Amino acid sequence: MRVRLTLALYDRPGVLLRALQEIAVNGGNIISIIHRRDRITSGYVPVSINVEFPDAASLDRAKMGIEGAGIPVIEAETLEKAITTMIIVGCVDVETLLKRVQELGSRVAALSMTGGAASPCLKLVVETPSGKLRPLVDVLEKLAEEWNALLITEG
Amino acid sequence: MIKCIIVGYGFLGKRLARELAAGKIAGVKLAGIASSKGYIYRADGLAHEDLPERIDRARGFEEAPASEMIRRELADLLVELTPTNIESGEPGLSHIRQALEEGMDVVTANKGPIALAFEELSSLAEERGSLLLYEATVGGGIPLISLQKRCLMADELLSLRGILNGTTNYILSRMHFEEMTFELALREAQMLGIAERDPTLDLEGVDTALKLLILANSLMGLRKKLSEVKIRGITKVTSEAIAAAKESGMTIKLIGVVGENGLSVAPRLIRLNDPLCVHGTLNAVNFNHRILGNLTIIGEGAGESTVSALLNDIYEVVRARSRRL
């Protein structure tokens with residue numbers, strides 16, 4: 001899994017190396033490092049590291065190791081996204097639907113409507129961060145129920 | 001010689017009675033048949049020519065409940081084939097309970113009792129040293145239960161998903177390939193005898209849910225009830241939805257799932273190259289095992305093929321009894 005780790009590094013030699021060691025010993029493969037020296041705040045430099053971890057457990061261990069070394073992990077954002085197709089049969093409030101998808105950290109990559117007013121059918125292709133698909137489906141199922149529509153997901 | 005009685009004399013009962021009366025399973029004698037009207041019983045066995053079209057017009061007809069015949073001194077094996085009742089499981093549940101209490105072995109194709117009272121009936125069978133076999137309740141002739149219980153018993157079944165209802169699969173297949181409306185595909189299925197006159201249980205996903213419960217409780221050691229299965233049927237699936245799926249290289253199938261999110265039955269999008277994507281009246285089940293990984297099994301899930309599952313279960317009773325002697 002690909003992850004963007006944002007760390008707050010104290011601006012002192014050897015601190016970045018310490019964080020990188022924790023990533024390496026936990027199987028992380030570093031793709032890129034962005035060191036924002038232009039954004040030093042109270043002696044801390046924000047650093048974004050893109051890493052490929054073998055699994056979520058390795059990421060958790062690396063985060064614990066980094067924080068154990070006194071380096072705050074500001075964010076660990078999963079960069080991998082699942083692309084999934086969904087169909088909703090029935091009348092849908094598209095604006096609410098798109099808003100909820102966005103609120104849940106997903107993105108609608110494609111949307112098409114067929115059937116007209118008599119038999120409306122909405123197809124969505126949604127990009128969802130890893131681990132966020134189930135909560136999204138749960139929310140959309142509830143919305144579909146409210147609208148007396150049928151949500152059809154992959155599976 | 002094992003004396004067998006069949007309770008429930010519809011399509012399956014008649015077809016099975018013919019096989020048994022013809023001596024297709026050595027060591028088994030068909031001693032009685034019963035319908036809701038009454039029964040006929042002959043201790044020395046019923047021959048092919050004794051099998052009536054209607055029991056109430058047969059020689060030796062007794063106008064009495066089938067339960068009179070479910071007695072250890074009259075029979076060793078009950079084949080219970082009365083219609084499925086999803087509310088109470090009756091009358092099948094009482095028939096099976098009575099037979100097990102009598103120490104008889106039981107083979108059934110009746111989903112109701114097994115889905116609603118699996119734990120009670122399997123405990124009763126174990127307590128009385130009887131066999132309770134129900135391969136024919138799920139997937140017709142596809143050996144799903146015996147496959148797991150005999151060939152894969154050492155591997156852990158983690159999850160499963162499948163198409164378990166031929167009627168809905170036929171309707172969705174016709175909508176996919178012939179671009180029919182739901183209503184037209186249903187009418188065609190009814191004309192061909194694939195859908196029942198009242199197809200509600202199939203269309204609303206309840207039949208799939210019952211089968212899913214049987215698989216989950218008997219193969220995965222779960223103790224789920226029908227009320228715990230999230231069920232959505234196919235009545236709202238439109239031609240437009242099928243066309244939209246098709247555009248994306250997919251179709252819509254009624255899929256039952258037992259997985260980390262519990263038990264559910266719902267129309268789902270599946271890719272046309274998914275091994276589960278079978279058409280017409282076929283059923284398909286994908287097992288996911290801890291060691292073996294994925295295994296998909298496909299076959300006819302109803303009708304004539306169910307007789308094959310019943311005969312195999314009866315044969316298993318013969319084998320078990322010969323081991324006991």
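Every number here is computed from the coordinates shown, using simple stated rules; none is lab data. All of these numbers come straight from a predicted model, not from anything done at the bench. No Cβ is skipped: glycine too gets one built from the backbone with ideal geometry, and neighbour counts run over all protein chains shown.
Convex hull volume of the Cα atoms in region A:54-155, per residue, in Å³? Walk me through the intermediate numbers first.
Working: hull volume 11.1 nm³, N = 102.
Given the Cα convex hull of region A:54-155, per-residue volume reads 109 Å³.
Order these by the 10 Å Cβ neighbour count, fewest first: A:Glu75, B:Glu101. Before the final figure, lay out each step's value.
Numbers: A:Glu75 11, B:Glu101 14.
Placing the least packed residue first, the sequence is A:Glu75, B:Glu101.
Cross-link list B:Lys111/B:Lys211; A:Lys132/B:Lys246; B:Lys211/B:Lys253: which exceed 19 angstrom alpha carbon to alpha carbon?
A:Lys132/B:Lys246
For each of B:Phe182, B:Phe11, count neighbouring Cβ atoms within 10 Å of the residue's Cβ, then give the residues from fewest to most. Let's see the in-between values first.
Values: B:Phe182 20, B:Phe11 14.
Exposure proxy ranking, most exposed first: B:Phe11, B:Phe182.
Tabulate in residue order the Karplus-calculated ³J(HN,Hα) for region B:168-184, using 6.51 cos²θ - 1.76 cosθ + 1.60 with θ = phi - 60°, rounded to whole Hz; enter x for Gly and Pro.
5, 5, 5, 4, 5, 5, 5, 5, 6, 7, 9, 6, 7, 7, 4, 4, 5
Taking θ as phi - 60°, what are the ³J(HN,Hα) couplings along region B:207-222 by the Karplus curve (6.51, -1.76, 1.60), each to the nearest whole Hz, with x for Gly and Pro?
With the stated coefficients, region B:207-222 comes to 4, 4, 5, 4, 5, 4, 4, 4, 5, 5, 6, 8, 9, 10, x, 7 Hz.
Kirkwood Rh over Cα pairs of region B:10-115 into Stokes-Einstein at 10 °C, 1.306 mPa s: D in µm²/s? Kindly include the intermediate steps, with their values, before the conclusion.
Numbers: Rh = 14.0 Å.
Approximately 114 µm²/s, per Stokes-Einstein.
Work out the length of the dipole vector of region B:153-281 about its Cα centre, built from +1 on the beta-carbon of each Lys and Arg and -1 on the beta-carbon of each Asp and Glu, and round it to the nearest 20 debye.
On the way: 15 positive and 16 negative charges, 58 e Å.
About 280 debye.
May I ask you to sort B:Arg128, B:Arg324 by Cβ crowding, counting other Cβ atoms within 10 Å and putting the fewest first?
Ascending number of Cβ neighbours within 10 Å: B:Arg324, B:Arg128.
Scan around B:Leu282 for amide H atoms under 5 Å from its own, H built in the peptide plane at 1.01 Å from N, and keep only partners 5 or more places away or cross-chain.
Distant-sequence amide H within range of B:Leu282: zero hits.
Taking R0 as 22 Å, what's the FRET efficiency between A:Asp55 and A:Arg4 from their Cβ-Cβ distance, rounded to 0.05?
E between A:Asp55 and A:Arg4, to the nearest 0.05, is 0.85.
Taking the Cα-to-Cβ direction at B:Leu222 and at B:Leu192 and moving 7 Å from each Cα, how far apart do the two end points lie in nm?
Between B:Leu222 and B:Leu192, the simple spin-label model gives 3.1 nm.
Quick one: which residues, 5+ away or cross-chain, put their amide H under 5 Å from the amide H of A:Ser130? H built at 1.01 Å from N.
A:Glu80, A:Ala82
What relative contact order, as a whole-number percentage, does region B:98-250 give when Cα pairs under 8 Å and 6 or more residues apart are counted? List each step's numbers first, then the result.
Numbers: 164 pairs, mean separation 37.0, N = 153.
Relative contact order, region B:98-250: 24 percent.
Compute the Rg to Rh ratio over region B:130-195 from the alpha carbon atoms, using the Kirkwood formula for Rh, and round to two decimal places. Present the calculation step by step, with values, prior to reporting the outcome.
Numbers: Rg = 16.6 Å, Rh = 14.4 Å.
My calculation puts Rg/Rh at 1.15.
Using the Cα centre as the reference, give the magnitude of the dipole from point charges on the C-beta atoms of chain B (Lys, Arg: +1; Asp, Glu: -1; all else neutral), rounded to the nearest 20 debye.
Working: 38 positive and 42 negative charges, 110 e Å.
For chain B, the charge dipole is close to 520 debye.
Can you list the HN-Hα couplings for region B:258-267, worked out from phi with the Karplus curve (6.51, -1.76, 1.60; θ = phi - 60°), rounded to whole Hz and with x for Gly and Pro?
Coupling constants for region B:258-267: 10, x, 5, 9, x, 9, 9, 10, 6, x Hz.
What residues qualify as long-range amide H neighbours of A:Asn26, i.e. H under 5 Å apart, gap of 5 or more or another chain, H built at 1.01 Å from N?
none
Restricting everything to alpha-carbon atoms, can you work out Rg to Rh for chain B with a Kirkwood hydrodynamic radius? Mind dumping the intermediate values first?
Details: Rg = 20.2 Å, Rh = 20.4 Å.
Ratio value, two decimals: 0.99.
Take every Cα pair under 8 Å in region A:84-152 that's 6+ residues apart, average their separations, divide by the length, and report that relative contact order as a whole percent.
Numbers: 105 pairs, mean separation 31.4, N = 69.
Normalised by residue count, the contact order of region A:84-152 is 45 percent.
Please find the FRET efficiency linking B:Asn261 to B:Asp56, where r is the Cβ-Cβ separation and R0 is fixed at 51 Å, and quote it to the nearest 0.05. Please report the intermediate quantities before stating the final value.
Values: r = 49 Å, r/R0 = 0.97.
So, using R0 = 51 Å, E works out to roughly 0.55.
Mind pulling the per residue volume of the convex hull built on the Cα atoms of the protein assembly as shown? Å³ is fine.
Details: hull volume 84.7 nm³, N = 480.
Residue-normalised Cα hull volume stands at 176 Å³.
Tell me, what is the percent relative contact order of chain B, built from C-alpha pairs under 8 Å that lie six or more residues apart? Don't skip to the end; give the middle numbers.
Values: 675 pairs, mean separation 57.3, N = 325.
In percent, rounded to a whole number, it is 18.
Report the rotationally averaged projected area of region B:118-242 based on its alpha-carbon convex hull, in square nanometres. Before the final figure, lay out each step's value.
Values: hull surface 37.7 nm².
Mean projected area of the Cα convex hull: 9.4 nm².
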